[in-house]
Amino acid sequence: MFGTAVRKLRFERGMKQSDLAKAVGIARQDVYQLETRNKTLPPTEVFERIADALQVSKEYLLVEAGYLDHDANKWELDERIIAASKKVPEAQIDAFIRLITGIADALAAD
């Protein structure tokens, strides 16, 4: 559930509901509603600001909330690596893939 994921991430960052509300530009009561009563995703703009305020990617937040399968997230990451590698000089491709693989492995360990 989205609210449970937001609450968990907010606690991990030592934020109060009022801190998150201020960072997102919504009322504290809206954060309370999101965390306790709202079982659906907020509007896209609010969702993006919440991810930014919690310092996580939108994909990570969707995985944490159970809306995106971790394997699907990994597939999407793999697709980004392939697309990005076409723009990277040949000499840097291996280092780039090792870096991204390390990040993906670290996320999988969470």
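Which residues, counting only those in the range 36-51, are surrounded by 14 or more Cβ atoms within 10 Å (Cβ to Cβ), of a type outside the set (Phe, Trp, Tyr) and under 16 Å from the mean Cα position of the chain (by Cα)? Of everything in the range 36-51, those that are surrounded by 14 or more Cβ atoms within 10 Å (Cβ to Cβ), of a type outside the set (Phe, Trp, Tyr) and under 16 Å from the mean Cα position of the chain (by Cα) turn out to be 41, 42, 46, 48, 49, 50, 51.
Only one residue in 84, 51 is at pLDDT 90 or above, in contact with a Phe, Trp or Tyr (Cβ under 9 Å, 6 or more places away or on another chain) and under 26 Å from residue 100 (Cα atoms). Which one?
51 is the lone residue from the list that is at pLDDT 90 or above, in contact with a Phe, Trp or Tyr (Cβ under 9 Å, 6 or more places away or on another chain) and under 26 Å from residue 100 (Cα atoms).
Would you confirm, using the coordinates I've provided, whether residue 4 is more than 17 Å from the chain's Cα centre (by Cα), of a type in the set (Ser, Thr, Tyr) and on the phi < 0 side of the Ramachandran plot? Answer is no for this residue. If you go through the range 1-44 and keep only what is at pLDDT below 90, more than 12 Å from residue 65 (Cα to Cα) and in a helix (DSSP H, G or I), you end up with just 44.
The values are calculated or read from the model by the stated rules, or taken from the named source; none is laboratory data. Treat the numbers as computed from the prediction; the structure is a model and nothing was measured. Because the Cβ atoms are built from the backbone with ideal geometry, glycine has one as well, and the counts that use them run over all protein chains shown.
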